[in-house]
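Here is the structure we will look at.
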Amino acid sequence: MTGDATDRPHAPTHDDDHDPLTVPGGIPLLESTTTKPSAERSEVILITGMSGAGRSRAAAVLEDLDWYVVDNLPPQLLAPMVGMMSPDGGVRRLAAVVDARGKEFFSDLDGVIESFRAQGIEYRIVFLDADDATLVRRFEQVRRPHPLQGEGTILDGIAAERTVTEHLRERADVYLDTSHLNVHELAARVRAEVAGAGERPLAITVVSFGFKYGIPLDADHVVDVRFLSNPYWVTELRHLTGKDAPVADYVLGLPGAAEFVSGYADLIEPITAGYLAEQKAYLTIAFGCTGGKHRSVALSERLGETLRSRGYSVRNLHRDLGRE
């Protein structure tokens, strides 16, 4: 060996810094500066407010957005439920409707909220309200008593509820006055202000089927593609399906086939916008040929690809494939 001992790598001793080296000299301590990936955090929404103001409708909207929704749960049971949530899977988003229907249990909500804050649990309070005249009209329409009216009138119950919920109204993260909103407008407000605009795109299912087996009962749009030549009569293609490249190339290579799919995708653009505006969550488009094996399969697959490229959430389903 040549070289002086001073040229050798420095070996840590007990006289070094209080935090001794744990890797050989010259290797950077990457972990000391690298940010660890964090799991997606759980979300909790407390839906409260006035009876008749639309709490149940707001809860239904969140449920459609894949939130786990519980209604009229005693507040003391919220903490165990939140503790069961898992940001890595299972229930990650919890929406709880908590209101004056809980009577004496409702007073426990303040303590539960304070425990959430102490534990660092992220939560939002959504308070739904309406003017007295609107609330009275809604209760009269459903012919049900107000949960707090007792032996009094509906207005007595409304006044009592305003008293016990006032502190929640003041600390609410989201306040929605539903006096002049119909159910569709309320749903749109909840999606925009509570859940985030555009959180749930329209879910489109493109189904292929064979007319000889009947039209799908749940189809919103039915498209007949039997105007195209049938690959069944081509011996080399008969045993294949529309998911196989030779059949797909044959069908989409027929005059007008590719243009038809592109034009149909253009046609439904304004329709999907209208469905979203009307709070319709799903759209099913059914492409049919004779047996549901060749033409409808190839064209529905192409339509699915086209719509996905335009940002839609699309799944393809081939109902009758394999029935022949």
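Derivation of every value follows stated rules applied to the coordinates shown; laboratory data play no part. Worth saying up front: this structure is predicted, and the values here are computed from it rather than measured. Glycine also receives a Cβ, built like all others from the backbone with ideal geometry; neighbour counts cover every protein chain displayed.
At-a-glance table
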| read-out | value |
| --- | --- |
| Given charges at beta-carbon only (K, R positive; D, E negative), |dipole| of segment 203-318 in Debye | 280 |
| Extension gain, L267 back to E104 (0.36 nm per residue minus Cα-Cα distance, nm) | 53.1 nm |
| Full-extension gain in nm, S115 to H221, via 0.36 nm per residue minus C-alpha separation | 33.1 nm |
| Sequence of H294, H318 once ranked by neighbouring C-beta atoms within 10 Å, starting from the fewest | H318, H294 |
| Fewest-first ranking of R302, R144, R191, R319, using other Cβ atoms within 10 Å as the exposure measure | R144, R319, R191, R302 |
| Computed lengthening from H184 to L317, 0.36 nm per intervening residue step minus Cα-Cα distance | 44.9 nm |
| Farthest positive-ward along segment 203-318 dipole, Cα basis, beta-carbon charges - from L237, I215, A203 | L237 |
| For segment 203-318, average projected area of the Cα convex hull in nm² | 6.8 |
| Computed E for A258/K212 - FRET, C-beta separation, R0 30 angstrom, nearest 0.05 | 0.70 |
| Over segment 123-180, relative contact order from alpha-carbon pairs under 8 Å, at least 6 apart, % | 56 |
| Per-residue Cβ neighbour rank within 10 angstrom, fewest leading, S300, S115 | S115, S300 |
| Dipole magnitude (debye, nearest 20) for segment 43-196, charges at Cβ of Lys, Arg, Asp, Glu | 280 |
